[in-house]
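Laboratory data are not the source of any read-out in this text; all were calculated from the coordinates shown. Please read these numbers as outputs of a predicted model, since none were measured by experiment. Don't worry about glycine lacking a Cβ; one is built from the backbone with ideal geometry, like all the others, and counts go over all protein chains shown.
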Amino acid sequence: MLRFFLTTSLIALAAPGLADTITGQAKVDTVTIYPGLATVSRLVILDLPAGSHEIIVPDLPQSLSTEGLRLSAPAGVQIGAVNLAYDRLPVTPDQSSPAIVAAKEEVERLEEVLRERDAEIAAIRLRVQAAEEQIAFLQSLSQASAGQTLTTSSIADIQALAQMVGTETLAVREAAFAAEQEAQAALRAREDDVEALEDAKKALAALMAPESDGAVLTFTVNAVEAGEVVIDVSTLEGFANWSPVYDMHLTTGDDAALDIDRAVVVSQATGQDWLDVQLILSTARPGEQIAPSGVWAPLRRIISEEALKREEGEMLLMADEAMPMNRSLAGMAEAIMPAPAMTAQADFSGATVTYIYPGRVDIRNGVEDLRLPLDTLALEADVWAEAAPSRDSIAYRMAEFTNTTDEILLPGQALIFADGTMIGFSELPLLAAGADTEMGFGPLDGLRLTRATPRRSEGDAGVFTSNNQLVEQAEISVENLTGQDWRVLLRDAIPYSEQDDLEVEFSASPSVTRRNPEGQRGILEWDLDVAAGATQDVSLEYKLTWPEGYLLR
């Protein structure tokens, strides 16, 4: 990856030299996520004396781009030259920052703890060594005394000597054992002390010299007055995304309603954790085209028919000569070229919406599909059953609802529930404030559909006297076994014609409610009320008539 070092002179400082160099830590404060990228605002809090200073900010992500880097300071503070380095990262020269001082003190404290621990272990080992020497003395004493006692003393004296040596040896061995256990415990504690010291040294090293795979920001400032200064470092970073998701709970019956639980799914791989940040979600698309495409006029020319025939002949000859090579290349391309990738595209129809997530959140680097809840919307719903007996054997639950909120509902994946039962997944379309939409909410297995054609005749079958007619009759039934009354929208179709000589006639019982709804030619609709346990029958017949000497296609 191409790395470069950029120095941007923002404001020339009037001071002839820098007073000191200060290291500051940048903490992520606010993140605004767009489709595919994010604007990250980091705050650098500094306690500055009056005058000019060089500020070093280490531990920034390596993927930072200079194009989106912006610094801002409060009134009374001027920002000068700004450098962003990826390679040859400088060692932090500032040895007096509170973080470095605290890290040094912790290393020194743990080194002293380790020294005391080693002295403690050495003292315990001396006790063990003394006990071992005491045992050796008792053993040598018992051997010398036993030889003398055997020649000058009675059996009672020998027993007394043995008891004394045994008792003293046992006491000394118990003391040696206790000291050894104490030494082992101290050694185990020493391992923890060593690990704590190594961690403290690593923490200090991280403050003194940033990791080699990060980025370091340096800039100059001039403070008119001494005091605390907050520098806002804003960067544009890729590998971040968000999308809305919904849980849609439909309740049917007399008081039909729809509750929509809204949430967002967030992912980021910017190279740094975002901890305790304010999250802003935007539908703006700064990474896409921002101006209309150009328009070019086509160049047209004329050519004589003779010249055209010559060109066509020459092209055919060249194609014949190149055919074997083309076949070979085509075979190779088919073998090595992968299938084209399918890319999902989101269309917000020019609408830009910004959401400020309530509270502060943690979004770690590399996270995928972190789900954050938003709120719950309560909407009224119009619920009915929709039936297409020519294609389906059961009806389906449908609902129409209006976005009564004051904001746009963005398109996103929706998990569908009906009367407390999970139905499956669907997609909520873009829904502007005040707009309405229809969505399916799963099958109704208790609303059974049948469609039979008891008579289908063409004129030459003998039923009719002419051979220029086609008649089809359909018997449709809707049987309600759900235990609940349903309004059913029944939909069927008949042929339609765009020729005056091909006539289409139909009849239905009961009569159709709508013909050609929303301009859909040939579609018929019935509004039926089917009570629980009841069956509604519909008869449909259509006839096509055309002049003799023509064939129906």
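Some observations on this one:
- If R0 equals 41 Å, the separation of the Cβ atoms of residue 289 and residue 310 corresponds to a calculated FRET efficiency of about 0.40.
- Sites residue 27 and residue 251 - FRET efficiency at Förster radius 35 Å, r taken between beta-carbons, to 0.05: 0.15
- Between residue 499 and residue 521, the simple label model (points 7 Å from Cα in the Cβ direction) yields a spacing of 1.3 nm.
- Protection proxy ranking, highest mean first, for peptides 193-199, 80-86: 80-86, 193-199, where packing is the per-residue count of other beta-carbon atoms within 10 Å, averaged.
- Fraction of antiparallel bridges per DSSP, the stretch 15-83 only, in percent to nearest 5: 65
- Nitroxide proxy distance, nm - points 7 Å out along Cα→Cβ at residue 535 and residue 513: 2.2
- Within the stretch 18-44, backbone nitrogen closer than 12 Å to the virtual label 7 Å beyond the Cα of residue 70 toward Cβ: 39-41
- 22 Å Cα-Cα reach of residue 201 towards lysines, excluding residues that sit fewer than 8 places from it in its own chain: 104
- Order of 39, 404 under a 10 Å beta carbon neighbour criterion, fewest first: 404, 39
- Sorting 405, 354 from the fewest to the most surrounding beta carbons within 10 angstrom yields 354, 405.
- Using the Cβ-Cβ distance between residue 475 and residue 362 with R0 set to 51 Å, the FRET efficiency from 1/(1 + (r/R0)^6) comes to roughly 0.20.
- For the peptides 480-486, 292-298, 98-104, the ranking by mean Cβ contacts within 10 Å, running from highest to lowest, is 480-486, 98-104, 292-298.
- Counting 0.36 nm for each residue step from residue 81 to residue 188 and taking away their Cα separation leaves a gain of 33.2 nm.
- Label zone (residue 552, point 7 Å along Cα-to-C-beta; backbone nitrogen cut-off 19 Å) within the stretch 520-538: 522-524.
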